[in-house]
Amino acid sequence: MPSTETAATRDKERTRKSIVEAASQTLFTHGGGVSLADIAAAAGVSKGALTHHFASRNALEEAILADVSQKLWDAVHARVDLSENRPGKLLRGYVRALTDADNPAVRQVFAPTSLLLIIGSTEPAIQGFLRADAQRWREAFDADGLDPATSLTIRYAAEGLAGSIGTPYLTASELRTSRARLLELAEPE
């Protein structure tokens with residue numbers, strides 16, 4: 001039987017996760033102007049409970065970024081084909097994940113609200129998190145075995161596609177052909 005302390009810890013973790021999920025979804029749906037009270041209501045907790053877990057809006061935003069970043073990392077790695085025993089496996093998984101129109105993790109990362117949070121924040125903790133996340137991706141791609149300039153170009157092309165999915169600027173046909181071409185380019189020479 002679990003101890004009371006273990007159960008309480010799991011309950012705190014569950015509440016914290018619930019708040020992050022609700023905040024992320026609320027910001028994704030309603031934009032950056034959403035209030036902490038609205039986020040608390042969406043999470044099914046009081047505003048006091050929200051501020052107990054996250055002392056500031058910046059702390060909550062940092063937790064959202066960490067959660068979304070991990071979901072993207074997981075989505076990319078889920079699309080790495082381990083049977084591709086050649087350089088560029090991670091890059092091809094990245095292209096597959098970012099050009100999957102039905103991938104909620106990618107849609108969330110490339111939503112205007114998320115991009116504004118990433119680009120617009122001057123909060124040192126958030127900037128520190130973003131630098132560490134960028135470094136994690138750089139190291140992973142550096143170990144992927146392809147020319148770094150080629151890898152970077154393909155990654156940014158995939159990110160451009162990801163940001164255009166669902167807009168009038170990218171048709172389903174254009175997405176399919178662009179994805180196929182990026183996957184070709186992600187093959188070792």
### Task
Select from the stretch 26-48 the residues that are modelled with pLDDT under 85 and either surrounded by fewer than 16 Cβ atoms within 10 Å (Cβ to Cβ) or touching a Gly at 6+ places or on another chain (Cβ under 8 Å) (or both) and list them in ascending order.
T29, H30, G31, G32, G33
### Task
Report yes if some residue within the stretch 42-57 is outside any loop (DSSP other than H, G, I, E, B) and within 26 Å of A157 (Cα to Cα); otherwise report no.
no
### Query
Is it true that some residue in the stretch 148-159 is charged (D, E, K, R), within 20 Å of L185 (Cα to Cα), modelled with pLDDT of 95 or more and touching a Lys or Arg at 6+ places or on another chain (Cβ under 8 Å)?
no
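Pick from the stretch 40-72 the residues that are among the hydrophobic types (A, V, I, L, M, F, W, C) and touching a residue at least 60 places away in the same chain (Cβ under 8 Å): which of them is farthest from L98 (Cα to Cα)?
Step by step, filter the stretch 40-72, then rank; the result is A59.
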### Task
Only one of these is under 29 Å from P188 (Cα atoms), among the aliphatic types (A, V, I, L, M) and either crowded, with 19+ Cβ neighbours inside 10 Å or touching a strand residue (DSSP E or B) at 6+ places or on another chain (Cβ under 6 Å) (or both): L91, L170, L65. Name it.
L91
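Determine whether the stretch 101-114 contains at least one residue that is surrounded by 14 or more Cβ atoms within 10 Å (Cβ to Cβ) and at pLDDT 90 or above.
yes
Have a look at L182, L152 and point out the one that is within 24 Å of Q135 (Cβ to Cβ), surrounded by fewer than 15 Cβ atoms within 10 Å (Cβ to Cβ) and under 22 Å from the mean Cα position of the chain (by Cα).
The unique qualifying residue is L152.
The values are calculated or read from the model by the stated rules, or taken from the named source; none is laboratory data. All figures in this text were calculated on a predicted structure; none of them were measured in a lab. When we count neighbours, we look across all protein chains shown, and the Cβ atoms used for this are built from the backbone with ideal geometry, even at glycine.
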